[in-house]
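Written below as structure tokens is the structure these notes are about.
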Amino acid sequence: MSPCQNCHAGCCRSFAVSITGADIIRIERELKLNFWDFVCRWEDREGLITRGQAPQFYFDDEPEVPFAICLMHSQSQFFPQSTKCRFLMEGAPDRDFPLGEARCGIYGSRPSACRIFPTRLSSSGQIAEIYDIPSHGRHEQLPIYELCPRPWIPADLDPVQTVEDLVVARFEQLFFQQLARVWNKSPQSWASFPDFIRFVYEKRLIRKTADELEAEIPATIPFFRAA
Ligand code: SF4
Ligand code: SF4
């Protein structure tokens, strides 16, 4: 049985989930949501959210402040002293499950960061490694922020899907870092960020003529070349 079965999902309550432009585009399209319905920027001066992996973005209203691009949180219905991912569906606490059961409300469209938890790609890029999870996801030792009830083992995960998810996550993270380098050269407003994201990702698909294919002209997003 998966550790997530019957869990209150302390992970989806504890962490600020960094998302990429690809996550944003997919959630907008598949769930017919608008950027402003689920994306937020969180100050990340100490890098505790991005952890040197997700990019930090700057904006013209606070040019000295690095921000992480994340999923929004909302107040928990049953534990109002705590917050949770705005997509987490909470069940009411009862005698069997005093913290309630909870599940992801956008499971098929969830961001890469959620798909790969709690694994990382080995340095060879060929193997998924499961890492240890702490007892709590936040410094506040509230029971609702408790994490997995037992350590994860390889049998809990699909070895094909897990590695595929990790490879996609790494690719999208590298692409989003390139995008951040371009954006941060001349930071614009937070209000204009969604249009920038849509503009860039639309440019990821092109058609090449036979001559261009023959000449093997490498295709890149135009303004990435200078980044
Ligand atoms: S998107 Fe789903 S899996 Fe990811 S944090 Fe939110 S509820 Fe949890
Ligand atoms: S805290 Fe661990 S067991 Fe619970 S939902 Fe999250 S990943 Fe699954």
Which condition number in (1) free of Cβ contacts under 8 Å to residues at least 24 places away in the same chain; (2) of a type in the set (Phe, Trp, Tyr); (3) surrounded by 14 or more Cβ atoms within 10 Å (Cβ to Cβ) is the one that residue 131 fails?
(3)
If we ask which residues in the stretch 141-152 are in a loop (DSSP other than H, G, I, E, B) and either in contact (Cβ under 8 Å) with a residue 12 or more places away in the chain or within 12 Å of ligand 2 (Cβ to nearest atom) (or both), their number turns out to be 7
Select, from 212, 146, the only residue that is among the acidic types (Asp, Glu), under 30 Å from residue 13 (Cβ atoms) and either surrounded by 12 or more Cβ atoms within 10 Å (Cβ to Cβ) or within 19 Å of the chain's Cα centre (by Cα) (or both).
146
Considering only residues of the stretch 1-53 that are away from ligand 2 (no atom under 16 Å from the Cβ) and hydroxyl-bearing (Ser, Thr, Tyr), which is farthest from residue 138 (Cα to Cα)?
20
Would it be correct to say that residue 179 is at pLDDT 95 or above, surrounded by 10 or more Cβ atoms within 10 Å (Cβ to Cβ) and within 30 Å of residue 134 (Cα to Cα)?
no
In the stretch 93-113, the residues that are within 14 Å of ligand 1 (Cβ to nearest atom), more than 24 Å from residue 130 (Cα to Cα) and in contact with a helix residue (DSSP H, G or I) (Cβ under 7 Å, 6 or more places away or on another chain)
none
The stretch 104-121, subset over 22 Å from residue 24 (Cβ atoms) and of a type outside the set (S, T, N, Q), residue farthest from ligand 2 (Cβ to nearest atom):
121
Could you tell me whether residue 212 is more than 23 Å from residue 18 (Cα to Cα) and in a helix (DSSP H, G or I)?
yes
Just one of 180, 155, 191 is in contact (Cβ under 8 Å) with a residue 24 or more places away in the chain and part of a helix (DSSP H, G or I); which is it?
180
Hey, does the stretch 114-134 have a residue that's assigned to a helix (DSSP H, G or I), touching a strand residue (DSSP E or B) at 6+ places or on another chain (Cβ under 6 Å) and either at pLDDT below 95 or away from ligand 1 (no atom under 13 Å from the Cβ) (or both)?
no
Within the stretch 66-119, of all residues that are surrounded by 15 or more Cβ atoms within 10 Å (Cβ to Cβ) and of a type in the set (Phe, Trp, Tyr), the one nearest to residue 196 (Cα to Cα) is 67
Within the stretch 79-92, the residues that are under 11 Å from residue 8 (Cα atoms) and more than 15 Å from ligand 2 (Cβ to nearest atom) are 92
Enumerate the helices (runs of 4 or more DSSP H) found wholly within the stretch 1-106, keeping only those where 3 or more residues are within 24 Å of residue 149 (Cα to Cα).
10-14
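The values are calculated or read from the model by the stated rules, or taken from the named source; none is laboratory data. Worth saying up front: this structure is predicted, and the values here are computed from it rather than measured. Note: ideal-geometry Cβ built from the backbone for every residue, glycine included; neighbour counts use all protein chains shown.
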